[in-house]
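The values are calculated or read from the model by the stated rules, or taken from the named source; none is laboratory data. If you're wondering where the values come from, they're calculated on a predicted model, not measured in any experiment. Cβ sites come from the backbone with ideal geometry, for glycine too, and all protein chains shown count toward neighbours. Each accessible area value is taken on the protein alone, full model and side chains, heavy atoms only, with ligands, DNA and RNA left out. Shrake-Rupley method; radii C 1.70, N 1.55, O 1.52, S 1.80 Å.
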Amino acid sequence: MVYLTRKAEFSASHYYHNPDFTPEENQRIFGKCNNPNGHGHNYTLEVTLKGDVNPRSGFVVDLKQLKEILNREVLDAMDHRFLNKEVPEFANRIPTTENLAIAIWQRLAPKLKAAQLHRVRVYETPDLFVDFYGEA
Amino acid sequence: MKAYLTRRYMFSASHRLHREEMSPQENIATYGKCNNPYGHGHNYALEITVSGSVDETTGMVCNLTDLDGFVEREIVERFDLQNLNVLPEFARDVPTTENLCTAIYDILRRGFRNAHLEKVRMEETMMNSFEYAGGAEIRR
């Protein structure tokens, strides 16, 4: 079993707001992230796959295909977007880094045939990242 | 769904690696330049990983305000710009980064209640790092 990690970067804006909370609760829980006009980050995404090395190609997965899947499923949908308004998962879910990692996992897992998705890591800043392993 | 959140902090401190029970020769053989009697310092990077279910109402494993507040109060305040050798945590133990890592893990384990502590990782320099998960295997 070999683990392979591919990195990608995207930039997007978001804000944190739960319509079931009062304005005071939203402000207390989410602080500056509650500003309705949003703010942005340069996100770094690391996708780790695991699998056996194919004896003919020497690959765990064809990186060209992986890059195409990442571009199509994640970057085209999220890069330079306002996550709350333009990415359907976040119509009713708060686009925290936690939920972003889960949404990216859910987009990628069904599309990856050759190797198994092991981990999705999303850096919101160099000082903060979230790992998701597909656990319930 | 269960997610793992990692936050990175910085602090600077000095230390000297030295054991009274060892002879001067043994101290130098064991600790080399780190045994210099006047000590030396590092810019430490501290990474704390916590885990838990993502709360459906907030989208969070834990509120970063709580984690940042705890770490600032209980860890950065205690160690930043200090000489580690004179602190009570290192009255008996040599302040290697291994021991610093486990001391910080213990502070979090005892006091931080807002999410499950997974591990503590420390970089002493850009070339070395240490991880401690209370004896558990570390998930990659």
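Of note:
- With respect to being within 13 Å of chain A (Cβ to nearest Cβ), open to solvent by less than 70 Å² (accessible area, probe 1.4 Å), assigned to a helix (DSSP H, G or I) and out of contact with any Asp or Glu (no Cβ under 9 Å at 6 or more places or on another chain), B:Gly69 fits the description.
- Single unsatisfied condition, A:Phe30 versus (1) open to solvent by 40 Å² or more (accessible area, probe 1.4 Å); (2) within 30 Å of A:Lys85 (Cα to Cα); (3) outside any loop (DSSP other than H, G, I, E, B); (4) within 12 Å of another protein chain (Cβ to nearest Cβ): (1)
- Looking across A:Ile69, A:Ile104, one residue alone is surrounded by 15 or more Cβ atoms within 10 Å (Cβ to Cβ), over 30 Å from A:Asn35 (Cβ atoms), touching a helix residue (DSSP H, G or I) at 6+ places or on another chain (Cβ under 6 Å) and touching a residue at least 12 places away in the same chain (Cβ under 8 Å). It is A:Ile69.
- Checked against (1) in contact with a Ser or Thr (Cβ under 7 Å, 6 or more places away or on another chain); (2) under 22 Å from B:Met1 (Cβ atoms); (3) open to solvent by 70 Å² or more (accessible area, probe 1.4 Å), B:Ser53 meets all criteria but (1).
- Residue pairs whose Cβ atoms lie under 7 Å apart, sitting 6 or more positions apart in sequence or on different chains, and linking a residue in segment B:59-84 that is at positive phi and at pLDDT 95 or above to a partner that is of a type in the set (Asp, Glu) and open to solvent by less than 20 Å² (accessible area, probe 1.4 Å), are B:Gly59/A:Glu98.
- Residues in segment A:33-49 that are facing chain B (nearest Cβ under 10 Å) and either on the phi > 0 side of the Ramachandran plot or in contact (Cβ under 8 Å) with a residue 60 or more places away in the chain (or both): A:Thr48 alone.
- Odd one out for A:Asp79 among (1) within 11 Å of chain B (Cβ to nearest Cβ); (2) open to solvent by 40 Å² or more (accessible area, probe 1.4 Å); (3) among the acidic types (Asp, Glu): (1)
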